[in-house]
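Structure, as structure tokens:
We did not get these values from a lab; they are worked out from the coordinates using the rules stated. Here the structure is a predicted model, which is why all the values come from computation and not from measurement. Cβ sites come from the backbone with ideal geometry, for glycine too, and all protein chains shown count toward neighbours.
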Amino acid sequence: MSAMIRDTSIESLTTSLRSFDITGPGNNASATPPVQRSSRPSTATSSSARAHHHRGSTLAPSALCTQELVYAQIFNVLAADPSAKLSYVTACLLEYMASVAAIQPVQSCLHELLADLLVRDRRYAELHQYVQYNVVGDSLAVAHILLSTGTKYRPFEQLGLDMLKRLDADVDVAEILLARGQVLDALRYTMSRGVTGMPVTHFLEAALATGDKSLFLNTYKCLEDRGLLSSDEEVSMAGLPPGTATGRYMSVFREMWGEVVEMDSMLDV
């Protein structure tokens, strides 16, 4: 029964792709089917032939199909069909993308679907190569697919991070580094890229969560030296969002390192 359903899906996909003009509206790359002539042409047939002659090679609007429609009505439907073989759907998608790429840029939805299909089929090394050779293009969705699969295929962790950097998704990069406990790396990255709008409390909280007192000290002092720490009173007076206050972390810092800081101050005097 499943074989019969799969055969039907294959036949349906093949028929649908042949009927579509992949160039989309505004392009006349596809030729129209030849006009069928009978041995005894009628007036209606002659009129239809004349109309066809005047239209030239332009298809009727209903015969044109964008990449988004092919994605939504064919490939996405097949990808969600449990009876469809992933390797077959992936092969058809690759062929379609290659055909489209010869005449126009391939839309991101197709790149993302290809990445998803390869991950579902556990073809991690193949996806790795496709990303490296730009068969699968950069996008936030593809980057997050790679990162979420990093536990199953380690190279994806760096590959996804590099993709986010190319997309200038600096806040996402910093948040990922913080989630990995790479607090100082996140600090260096945001400062080198001039990232603004990311609360400093994210860095302090990530450093505190590691349980490493030295890391918390270095993070705190780095932010303090740049004048990025503010008490609850200062935040209130400036009319800033309450979440930007670092008073809690100031208290934690004094509890951890207060005596050491006081002793250093006395030695300096």
The FRET efficiency for Tyr133 and Glu205, from their Cβ-Cβ distance with R0 = 45 Å and rounded to 0.05, is 0.70
Dividing the alpha-carbon radius of gyration of region 156-217 by 2.2 N^0.38 Å, where N counts its residues, gives 1.10
Can you compute the modelled spin-label distance between Ala179 and Ala91, with each label point 7 Å from Cα toward Cβ, in nm?
3.6
Those trypsin sites (Lys or Arg not before Pro) from region 120-190 that are DSSP loop and have at most 15 other Cβ neighbours within 10 Å turn out to be Arg122, Lys152, Arg180
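Please report, in whole Å³, the volume per residue of the convex hull around the C-alpha atoms of region 64-200.
Numbers: hull volume 18.4 nm³, N = 137.
So the per-residue hull volume is 134 Å³.
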